[in-house]
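Just so it is clear, none of the values below were taken in a lab; they were calculated from the coordinates. Predicted model, so just to flag it, every value in this text is computed and none were measured. Cβ placement follows ideal geometry from the backbone for every residue including glycine, while neighbour counts extend to all protein chains displayed.
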Amino acid sequence: MTDNLNEGLQEVLQRYVADPADWRAVLAGEPLLGMAELDSLSVVNLVTELELIFDVRFDDDTLEQTLFNIHTLAAFVENASLGECCASRRD
């Protein structure tokens, strides 16, 4: 994962995970979904923001796997930006 991508993802995620203990858990690779701060509306807003910023599209069927943790999210965005996951690119 590139430093710019990592920094960008962290910047976006930090807007949704404000609690310092939860933030440390995110950075350690703990699951994103199920955190108290990420209720269903927050997840929708997070996904929308990530799609706009990184020019990717999340598939509803694989959203839980993609958003499992910061590492799976970064891999998804990186692969989509390299064109390796054509279904994830915006049309």
**Request:** Could you work out how far helix 3-14 tilts from the main Cα principal axis of the chain, as a 0 to 90 degree angle to the nearest 10?
**Result:** 50 degrees
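Magnitude of the Cβ-charge dipole of segment 3-86, K/R +1 and D/E -1, about the Cα centre, nearest 20 debye?
On the way: 3 positive and 17 negative charges, 25 e Å.
Dipole about the Cα centre, nearest 20: 120 debye.
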**Message:** I want to verify a result. In a Gaussian network model of the chain, Cα cutoff 10 Å, which of these has the top mean-square fluctuation: 61, 19, 39?
**Reply:** 61
**Item:** Rounded if a/c under 1.5, otherwise prolate or oblate - segment 3-86, Cα gyration tensor axes
**Value:** prolate
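Grab the Cα-Cα distance for residue 71 and residue 51, subtract it from 0.36 nm times how many residues apart they are, and report the gain in nm with one decimal.
5.5 nm
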**Asked** How high is the FRET efficiency between residue 21 and residue 81 when r is their beta carbon distance and R₀ equals 25 Å, given to the nearest 0.05?
**Response** 0.20
**Request:** Using label points projected 7 Å from each Cα along Cα→Cβ, tell me how many nm separate residue 60 and residue 2, to one decimal.
**Result:** 3.2 nm
